[in-house]
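First the structure, in the form of structure tokens, and then the observations on it.
Where a number appears in this text, it was derived from the coordinates with a stated rule and is not lab data. The structure presented is a predicted model; accordingly, all values stated were derived computationally and were not measured. Positions of Cβ are generated from backbone atoms using ideal geometry, with glycine treated the same way; all protein chains shown enter the neighbour counts.
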């Protein structure tokens, strides 16, 4: 259980920090947080670049971190997912981001020239991939004005350390922990890489909170998914929260996706993942609270304020993958502090973020039982009555898709042989359709909310997987799988040591290697949260580079995608994320592609934008993703309008 | 417990109760609960007023051990025990009593407009919390929501929708009401048609569009949804007993209350019959054999390839017993055959049939002749047990096209099911008049209802003459004869109970006591003059007193309680039905049950 803290801390920190945080919030239009704001709206009020001139965008500068040269073959284990933040003038006004190896780099926002860098020199042992989605900034009012580490950056590393460094020079804050860092749970007694970090910590009102990334599929009982909070000044531990409430027969339910915080109301929102092992729940009977949930904690004490579990007794690896989106619900004269939660299943749940009361009714969807002895799958699963699911989870033999009658027939035959009762069909010893699979639906890219309009733009994966539980007695257990999801065309054998089964997962595709479900295989969906409807959707990505030979023209059938997009007041939505090296701008009103640029490698990261010295820049980290197996890099691209075309 | 004298219909339904069987059941209950002491639970609202009726359902916390080693089911000949689930209702004082259980139990308290509560003992006082307005509207049964769908004023389209989409599922349930795109609705409709629905292709897009539009309108204006019928005070005089059998993949379709005291229930999807002793809950499973070279789905082919579990080589459908020797006759829908179950040897006998497709509902007449409908080939078959021969009666086609389709069936069925063409359905069900329900009037005449053709057929076994009679309503599904020779028929799409008086050649109809019901079947308690009707969209069973022309309504203890058959115990008048929602996992609790309605002892 979380340790309780007195209200004095809460009151004191709020008073001390309110002024500086407010000042930071007034600095516009910047990008001070990973998700644009602390509620992950992925939105900028910048509008210099708009529908009318976006086609004129050009490369303003390119920065290379040097990782490719420095780390060589280790780059194959990376995915470059970082979204930079722009520091306020008082903090040096640098553009700051992290590389997969947790190097933190500050750049000149106009030129992309490096100002400083910080290398935590992480322990790179283990097989887990390297990634860093971002760093967090706060002005620490308890530090001397103008002094070192008055303005701080926080970053959680692959090797489980939380660092505080000065935002202006990148030097560790010696008053934080030991030499600027604190050790996080997960290093002691575990194999290197068993517990790591991917998302940025959150910091608000004197509290810095970090989650973790845990291998939750390889063993029955995996490391705890403990969320830890520290004093942002000293690094002293404040509280811990175990999402599984100490239940011993399981592990994880960790928070690997970005968290959100409502600083004004002192609420922290955790997107929790599945309990271990992902696909077998006999030894963890019951719903498994607070796994697969969005959990609202008191920022200062870690006490649970409310929660919503979107998958009960998960058997599908349906982690809560995306940052909870905090926004103002404005409907029928009501103004309600709201939270929208995207899920891998392709649902959008909307709540009053102060109370947890759903703003769209949540119904109980009856779901099929499990055939595995002793497995008591939940009888129902939650489903919002609106908006609609972002993908159609039914795939019948008659829906099989192929380029020719032969591969289509192959897919139809495969589908006819699958166990397939739609979403939440438990896997069994028969080959079972997993649609959506563990890739989603939505994933960690989250969604972008178009200002206060209630229009949410979400990039969605739309590829069917299959899964099959394999009794371990029938085969020698393979070497432990290192992937979270199967790569394209790859069947992934995952151990679940301590259970009677392994699981084999792969994408459902024909002998030609083409997905069996109809395209688009990745799409962009505009959801009207207030109406509870889908306004429009369009394919996201071209498959022209996914075949054995690159086609000379784009084939917009959508691709699997990782990373998110951002919306701007200029009526634009910017996104990379696809497996075609493209960085695109869409018209938010209708989904039309207005501009695109070919990057050297895929940009599996969420972009950001800012206006600096009168010029709006759009920046995206392009370094590929190890799962895509399409090459890596260490690029940071900035785009802007030609100087002559920029409005003051 | 203080039981008030059962009022009204209880006297009509159950004269002379308690019967010997009820005494026996009470004794058995006492034996099962040797430490039993009557406890009383009082249910109140937050203002301290007694709540009545509150449905109180008692379930064993730990289910009995069972041998389910045959792919999750009991192997052939194995006996397991089903722990009975009891439901009673509070009286005007808000009180309800149960004998103490010998094992840990849990009570669920459910009342209209209140949030469910759970307690571990039926003692003391429980306060139910009222639902919010939003929760209450959301909790309404499907029928009241469905009543507000008008399909843009196209009543014919709504009837087509109900005919094809409401014979397995409750429409307008919360699950159905959720926002979907038109494409998602079309996908669902197309999938359902592969499973056996016959929504005309031309209507797919229209129905998808209207469902999206009108469900959205209902969500935005739920105030237009009428309140469901309130539960009645007389419910305190009844007990509902359920026996869960099978699992979430099963479908307990039709069943039989046999004079030997057992109930025989057919699992339509797993080729098993369950012989259940209602006094003990013990059931023995008998697995219907099939030819080794037979494929899943029999001659019909397997429509459910994507289902994880299926074992329907024969397709156990409808039951009737011989008054001569008690043997049970069963229609195997997936075969050209008739099944006979010898109740002494517990062996199945398969009587191969020379023609006809989809053996459906079955009855045995006083001459020990076995009559059943052949739903797909629009025929009625008679099996003469003496000569062991079948006589097949063709029912007339409605036109040349239908005649041609019906005559083409043998050719179509000679084609491998994988490659068999499937005629595109239209609103009239051309090619599929579908003789469905069947019964025999006291004068020996055989009566059949044709669901898609909206007509009745009468076969005179003496003359072998077939007479067709137009049915002036829509959707004659199942029918039963009363003691006076009248036919009672449910009009599925018209939500009516219909009587046909053959002597006067006159139809009469009665509105059902719940709105927008799509009644599937009925049965007549000839001795007590009561017609019992399935209420599938409203989670109810409906009882119509023929003499008084009045209704009583019995709420079912599970949501999405979809019933297709009703049987009445000749011995004591107890009323039975099965929860055969398809798929079963969509029913509350996710398991099929046999349910009995009995009056409580005075």
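Determine, for each peptide in A:625-636, B:61-72, B:529-540, the mean count of other beta carbons within 10 angstrom over its residues, then list the peptides with the highest first. Don't skip to the end; give the middle numbers.
Working: A:625-636: 21.3, B:61-72: 12.7, B:529-540: 25.8.
Taking the mean over residues of other Cβ atoms within 10 Å, the ranking is B:529-540, A:625-636, B:61-72.
What is the order of B:79, A:466, A:499, fewest Cβ neighbours within 10 Å to most? Walk me through the intermediate numbers first.
Numbers: B:79 14, A:466 27, A:499 21.
Ordered from fewest to most neighbouring Cβ atoms within 10 Å, B:79, A:466, A:499 come out as B:79, A:499, A:466.
Please compute, for the alpha-carbon atoms of the protein assembly as shown, the extent along each of the three principal axes and give them in descending order in Å.
Here the Cα extents, ordered largest to smallest, are 106, 69, 60 Å.
Looking at the calculated P(r) for the stretch B:286-599, what percent of the C-alpha pair distances fall above 29 Å?
Details: 17817 of 49141 pairs.
Tail of the P(r) past 29 Å holds 36 percent of the pairs.
Wrap a convex hull around the Cα atoms of the stretch B:473-526, take a quarter of its surface area, and give that in square nanometres. Mind showing how you got there, number by number?
Working: hull surface 13.8 nm².
With the hull built on Cα positions only, its mean projection is 3.4 nm².
Hey, what angle do you get for helix B:182-195 against the long axis of chain B, alpha-carbon based, 0 to 90 degrees rounded to 10?
70
Using only Cα atoms, figure out Rg for the stretch B:148-224 and give it as a multiple of 2.2 N^0.38 Å.
Numbers: Rg = 11.7 Å, N = 77, 2.2 N^0.38 = 11.5 Å.
For the stretch B:148-224, the normalised Cα radius of gyration comes out at 1.02.
Determine the distance separating the Cα centre of the stretch B:40-108 from the Cα centre of the stretch A:396-438; give it in Å without decimals.
40
Using Cβ contacts closer than 10 Å as the measure, can you line up A:149, A:516 from fewest to most? Write out the running numbers ahead of the final one.
On the way: A:149 23, A:516 28.
Fewest-to-most ranking of A:149, A:516: A:149, A:516.
Evaluate the relative contact order of chain A (contact order divided by residue number), counting alpha-carbon pairs under 8 angstrom at least 6 apart; express in whole percent. Spell out each step's value before the answer.
Details: 1914 pairs, mean separation 92.6, N = 648.
14 percent.
Can you give the angle from 0 to 90° between the axis of helix B:204-220 and the longest principal axis of chain B, with both taken from C-alpha atoms, to the nearest 10?
10
Test of understanding: ordering B:455, B:394, A:319 by Cβ neighbours within 10 Å, fewest first, what list do you get?
Details: B:455 20, B:394 16, A:319 29.
Ascending Cβ contact count within 10 Å gives the list B:394, B:455, A:319.
Once the Cβ-Cβ distance between residue A:108 and residue A:330 is put in as r, and R0 is 41 Å, what FRET efficiency do you end up with, to the nearest 0.05?
Values: r = 39 Å, r/R0 = 0.94.
The computed FRET efficiency comes out at 0.60.
Expressed as a rounded percentage, what relative contact order does the stretch B:148-224 have, with Cα pairs under 8 Å and six or more residues apart? Please list the in-between numbers first.
On the way: 52 pairs, mean separation 33.2, N = 77.
So the answer I get is 43 percent.
Compute and list, largest first, the equivalent-ellipsoid semi-axes of chain A from the alpha carbon gyration tensor, each √(5λ) rounded to a whole angstrom.
Values: eigenvalues 245, 170, 115 Å².
Equivalent ellipsoid of chain A: 35, 29, 24 Å, largest first.
Based on the Cα atoms of the stretch B:335-420, what semi-axes does the equivalent ellipsoid have, where each is the square root of 5 times one gyration tensor eigenvalue, given in whole Å with the largest first? Can you show the working numbers first?
Numbers: eigenvalues 143, 54, 17 Å².
Whole-Å semi-axes of the equivalent ellipsoid: 27, 17, 9.
For peptide B:190-202, compute the average count of partner chain beta-carbon atoms within 10 Å of each residue's beta-carbon. List each step's numbers first, then the result.
Details: counts 4, 6, 0, 1, 3, 1, 0, 0, 0, 0, 0, 0, 0.
The mean count of partner-chain Cβ atoms within 10 Å per residue comes to 1.
Counting only Cα atoms, I'd like the Rg/Rh figure for the stretch A:447-606, Kirkwood definition for Rh.
On the way: Rg = 18.5 Å, Rh = 17.4 Å.
Ratio of gyration radius to Kirkwood radius: 1.06.
I'd like the per residue volume of the convex hull spanned by the Cα atoms of the stretch A:48-187, given in cubic angstrom. Display every interim value, and only then the final one.
Values: hull volume 19.2 nm³, N = 140.
It is 137 Å³ per residue.
Per residue, what volume in Å³ does the convex hull of the Cα atoms of the stretch B:277-429 enclose? Please list the in-between numbers first.
Details: hull volume 25.1 nm³, N = 153.
Spelled out: Cα convex hull of the stretch B:277-429, divided by residues, is 164 Å³.
Rounded to the nearest 500, what is chain A's calculated 222 nm mean residue ellipticity when only DSSP H runs of at least 4 contribute -39500 (n - 2.57) each, over all residues?
Numbers: 3 runs with 38 residues, N = 648.
So the calculated ellipticity at 222 nm is -2000 deg cm²/dmol.
First measure r as the distance between the Cβ atoms of residue B:503 and residue A:533, then evaluate 1/(1 + (r/R0)^6) with R0 = 45 Å and state the FRET efficiency to the nearest 0.05. Provide the component values of the computation, followed by the final result.
Numbers: r = 58 Å, r/R0 = 1.28.
For residue B:503 and residue A:533, the calculated efficiency is 0.20.
Nearest-5 percent of antiparallel DSSP beta bridges in chain B?
Values: 130 of 134 bridges.
In chain B, approximately 95 percent of DSSP beta bridges are antiparallel ones.
Any idea what angle helix B:400-414 forms with the longest principal axis of chain B, computed on alpha-carbon atoms, 0 to 90 degrees, nearest 10?
Once rounded, the angle reads 90 degrees.
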